[in-house]
């Protein structure tokens, strides 16, 4: 793309579509700034912060949306050089509000390009609206396997790694460490059951063994109290006692009910991995490799807090749209969908490689971070895990095993 | 100029005598200056024997490193200290610090050496500094995460590439205006003019390509791709680019592919991949262009490539996370 700045201020950008017409003759010079509006649809969900086990855990109101806002301003840095201006239109459906109605209004008015900060059920409500059939929905939030399997949709593209990618990322590291005997402790929710099933799947894939399993459904009393640790100190050793030996505890507790109580409270002196302890994710505020430091600093300047995984999801969603518009000239949802699934598409996400979508389920393939709250421990795929196509396809549902068939 | 072995350096105080002496002897080793991002040092190696001559402490996070055109100084960007360390190439000591504005990543100089161009990574700026006074002359807004800088031979054009905006920005040094912005493949790292100034090559690390740009029309003429048997495409991350003096051959460092590509600069055909250390980014020629030095960030060493045979002949340890290299003849 060739762009020339017209003499004058920064705003005066003129596209050099100079097929025969010279810039000097085309007077007065028209500032050919095209605008593109990005829609972010989010919903407020009930959240009881009192159940968070740690006082240090917070739940920022701008979680996710700040990532999209930061990315929009980045697009405009590029856009001002080549004649594009982006705006972010954020629609928030209140708790208990009618998501379908809000989505209908959006689809009736707008171009049908929507970033969704929605949980799985609401995402499907949006995706299954007749008016959304030819829309593009960028899912910046969910990690549900089901949405990449039997519940996948052609109009939905997933940005964050799903549960099976997360357990595979941890599994590769554990196998590399030769910590291959796992004690699985599973929480009470349906999501925990999926995550635990993924742990078993990962074990089978990578030659590890689940040597013990337990379901932890007792309410650990994860709330504010004066002497809470004393009871936890006796509860957790009981919960983690197993008849045989194991190398790690692999915990499946997606809602943070008890997992954070496990480290240093286990019966045997073994590390904790999974949804707590060593955690797999797309992003953490501590990650700084592959120039992520610059991203973290920009985000902190903008939002005055660390960048979390959902912020990264919102950031990437906007950057993906920006690529489609500025690189491919794709401004309609169908043109964008085609571009995102083409070999021309890739997006940079501070992972040292371009990120692309799997064509069979519209999942973004990506390296996955393994982190503790303060440090990045490793990144998967691990060295030595090979794949004939993309090494990152060793994480999650690969084409031969997918239950979603959106195409090749 | 004196030959700078260990004893030679001490004797450098007796400069006039040695100047005569060295002319008489006629031989003096060149020196390689390698910035070590994690160690906060610059390693100095003898350019013939590759013996370590000195380890120079710098300010924090040294990355971009550049020899002044008169070869008297080596300038290092200290990203986390917002300044440039000026190393005296004779005494191998930091003799001056120049403020640059926040997070300088790389630098280049005007052909005469009167101006320093710095890319301020966190602030999306290029800062222009008067080298004699150390004063900032101009700050020019560019794309996000600006990195590699290229200065045309006549000095009238400075090109900076922005990693997150993925553009090559052309700056006119008479007006300090950005006159063209060219969208290239994702995450451009380095811009390099061909020796005849007719083309500008821009490496795109995440895109995995090198764009060949006409600097007059600002058009992309060609995009070079790399295919290495047994190496996944996503590991191919082109960064450093250098041309042989005859302009016929380009060497391109490929990052996590752990190789340097040899490219025919006329046909753009990739002729060979040379296996080097891990994550090579920056590369530089020896003064006579017989050797190419490849800085390997993850293996803490420099691979020496013999240019005529296009073989890696040796590797030499330096500091931790070595980043850039400058050569004093």
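Values for this structure:
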item	result
Test: residue in segment A:332-344 that is in contact with a helix residue (DSSP H, G or I) (Cβ under 7 Å, 6 or more places away or on another chain) and over 22 Å from residue A:407 (Cβ atoms)	no
Positions within segment A:348-367 being within 20 Å of residue A:148 (Cα to Cα), within 14 Å of chain B (Cβ to nearest Cβ) and not in a loop (DSSP other than H, G, I, E, B), in sequence order	A:355, A:356, A:357, A:364, A:365
Exclusive hit being within 14 Å of chain B (Cβ to nearest Cβ) and touching a residue at least 12 places away in the same chain (Cβ under 8 Å), set A:376, A:331, A:372, A:392	A:392
Any hit, segment A:284-292, residues being outside any loop (DSSP other than H, G, I, E, B), at pLDDT 95 or above, within 14 Å of chain B (Cβ to nearest Cβ) and within 22 Å of residue A:371 (Cβ to Cβ)	yes
Hits in segment B:135-153 (condition: more than 14 Å from every other protein chain (Cβ to nearest Cβ), surrounded by 15 or more Cβ atoms within 10 Å (Cβ to Cβ) and under 21 Å from the mean Cα position of the chain (by Cα))	B:149, B:150, B:151, B:152
Residue satisfying all of: in segment B:204-229; surrounded by 14 or more Cβ atoms within 10 Å (Cβ to Cβ) and over 18 Å from residue B:186 (Cα atoms); farthest from the other protein chains (Cβ to nearest Cβ) among these	B:228
Sole residue being closer than 19 Å to residue A:139 by Cα and touching a residue at least 24 places away in the same chain (Cβ under 8 Å), chosen from A:298, A:341, A:305	A:341
Subset of segment B:88-131 (residues that are touching a strand residue (DSSP E or B) at 6+ places or on another chain (Cβ under 7 Å), within 14 Å of chain A (Cβ to nearest Cβ) and in a loop (DSSP other than H, G, I, E, B))	B:102, B:103, B:121, B:124
Residue selected from segment A:152-186 under the condition surrounded by fewer than 24 Cβ atoms within 10 Å (Cβ to Cβ) and within 13 Å of residue A:251 (Cβ to Cβ), by the criterion farthest from the chain's Cα centre (by Cα)	A:184
Any hit, segment A:60-78, residues being modelled with pLDDT under 95 and within 21 Å of the chain's Cα centre (by Cα)	yes
Residues located in segment B:187-203, provided they are more than 14 Å from chain A (Cβ to nearest Cβ) and either modelled with pLDDT under 95 or not in a strand (DSSP E or B) (or both)	B:194, B:195, B:196, B:197, B:198, B:199
Every residue from segment B:161-183 that is assigned to a strand (DSSP E or B) and more than 12 Å from chain A (Cβ to nearest Cβ)	B:161
Flag if residue A:138 is within 18 Å of residue A:63 (Cα to Cα) and part of a helix (DSSP H, G or I)	no
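Here is a yes/no grid of residues against (1) at pLDDT 90 or above; (2) at positive phi:
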{"position": "A:205", "(1), (2)": "yes, no"}
{"position": "A:215", "(1), (2)": "yes, no"}
{"position": "A:220", "(1), (2)": "no, no"}
{"position": "A:225", "(1), (2)": "no, no"}
{"position": "A:236", "(1), (2)": "no, no"}
{"position": "A:243", "(1), (2)": "no, no"}
{"position": "A:252", "(1), (2)": "yes, no"}
{"position": "A:270", "(1), (2)": "yes, no"}
{"position": "A:277", "(1), (2)": "yes, yes"}
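The values are calculated or read from the model by the stated rules, or taken from the named source; none is laboratory data. Predicted model only: the values in this text are computed from it and were never measured. Cβ: placed from backbone, ideal geometry, glycine included. Neighbour counts: every protein chain shown.
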